[in-house]
């Protein structure tokens, strides 16, 4: 029986669902609170993980990393780095998480790989941000996003330099992305859930405003992605090295698809409402298949 460490501080709906899926497929699940993990260089593996009695898990599934000080989050990511160095499969590993949590790095990697994504600028200081807005806002404007934000929190549409918030509101870092007007006048984007190089489920998110995130009032809708969507989502996940990811796509007015974001710790509660695919079971099966552990064929 493989022992899977589930990295999650809160035992929320997602943690409960993936725990049930892994146990259904024959795995033992041990909840791992990264703040409680210890670097212990005198131990056999250099790590002390609560619940493992000096041993290591067969794999780690990272559901969430709790907020904390810069030092605390760095140390928690360090634990994930160390587990990978010890040969433990980590989904997603610290490098992929770092690439996605930092939106500027995600945008950089997508652009460098030739993956369509809106033009983006990330600068430090209000003066530099004002200069970017003055030069690049145009008629559509720019979207200001928290560099480390999620779930659509803190998004602002910036039309002119005076719309920018003070430095203390954004940690003096301004991540600005060109606003892409909706293709048909409807506020809608698309989330494709990628697992081990395959899109297993997808949905559209429809909003009453340009912010379509489920946590901000967006409504999930069923989606059968076309070949172009699937190929773009797979390329985006590969760019950041993610074993599983939520890839957000938007179709602009001329019909071209663009990648807005890649999420390395994606939620799927909204997605599960509009798909027959058992997302947690497919994710669990793919992880166990990586360990060459028997699992049902293509569970739904």
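The values are calculated or read from the model by the stated rules, or taken from the named source; none is laboratory data. Fair warning: this is a prediction, and the values are worked out from it, not measured in the lab. Quick reminder, even Gly has a Cβ in these numbers, built from the backbone with ideal geometry, and neighbours come from all protein chains shown.
Across region 218-236, the number of residues qualifying as assigned to a loop (DSSP other than H, G, I, E, B) and either surrounded by fewer than 16 Cβ atoms within 10 Å (Cβ to Cβ) or not assigned by TED's automatic domain parsing to the domain that holds residue 281 (or both) comes to 2.
Does residue 215 count as out of contact with any strand residue (DSSP E or B) (no Cβ under 6 Å at 6 or more places or on another chain), at pLDDT below 95 and not assigned by TED's automatic domain parsing to the domain that holds residue 200? No: the conditions fail for residue 215.
Within region 2-39, being in contact with a strand residue (DSSP E or B) (Cβ under 6 Å, 6 or more places away or on another chain) and part of a strand (DSSP E or B) holds for 3, 4, 5, 6, 7, 28, 29, 30, 31, 32, 38. Look at residue 221 and say whether it is at pLDDT 80 or above and under 16 Å from residue 273 (Cβ atoms). Against the criterion (at pLDDT 80 or above and under 16 Å from residue 273 (Cβ atoms)), residue 221 qualifies. Listed conditions (1) outside any loop (DSSP other than H, G, I, E, B); (2) farther than 25 Å from residue 92 by Cβ; (3) out of contact with any helix residue (DSSP H, G or I) (no Cβ under 7 Å at 6 or more places or on another chain) are all met by residue 176, apart from (3).
Filtered by the rule that a residue be out of contact with any strand residue (DSSP E or B) (no Cβ under 6 Å at 6 or more places or on another chain), more than 30 Å from residue 143 (Cα to Cα) and not in a helix (DSSP H, G or I), region 257-290 gives 276, 278. Being out of contact with any strand residue (DSSP E or B) (no Cβ under 8 Å at 6 or more places or on another chain) and under 19 Å from residue 240 (Cβ atoms) is a property that residue 64 lacks.
Residues of region 182-195 that are in contact with a strand residue (DSSP E or B) (Cβ under 7 Å, 6 or more places away or on another chain) and not in a strand (DSSP E or B): 183, 186, 187. For the condition part of a strand (DSSP E or B), crowded, with 18+ Cβ neighbours inside 10 Å and touching a helix residue (DSSP H, G or I) at 6+ places or on another chain (Cβ under 7 Å), residue 205 qualifies. For residue 169, the test of being outside any loop (DSSP other than H, G, I, E, B) and free of Cβ contacts under 8 Å to residues at least 12 places away in the same chain is passed.
Considering only residues in region 164-194 that are surrounded by 15 or more Cβ atoms within 10 Å (Cβ to Cβ), over 21 Å from the mean Cα position of the chain (by Cα) and more than 14 Å from residue 145 (Cβ to Cβ), the one that is modelled with the highest pLDDT turns out to be 167. In region 48-86, which residues are surrounded by 15 or more Cβ atoms within 10 Å (Cβ to Cβ), under 18 Å from the mean Cα position of the chain (by Cα) and assigned to a loop (DSSP other than H, G, I, E, B)? Hits for region 48-86 are 63, 64, 65. Exactly one residue among 134, 127, 139 is assigned to a loop (DSSP other than H, G, I, E, B), more than 24 Å from residue 229 (Cα to Cα) and free of Cβ contacts under 8 Å to residues at least 40 places away in the same chain, and that residue is 139.
Residues that are more than 12 Å from the chain's Cα centre (by Cα) and assigned to a strand (DSSP E or B) were ranked within region 237-255; the one that is surrounded by the most Cβ atoms within 10 Å (Cβ to Cβ) is 249. Being more than 23 Å from residue 246 (Cα to Cα), surrounded by 15 or more Cβ atoms within 10 Å (Cβ to Cβ) and not assigned by TED's automatic domain parsing to the domain that holds residue 146 is a description that does not apply to residue 23.
Only one entry of 82, 59, 96, 72 meets the criterion of being touching a helix residue (DSSP H, G or I) at 6+ places or on another chain (Cβ under 8 Å) and either over 21 Å from residue 266 (Cα atoms) or at pLDDT below 95 (or both), and that entry is 72.
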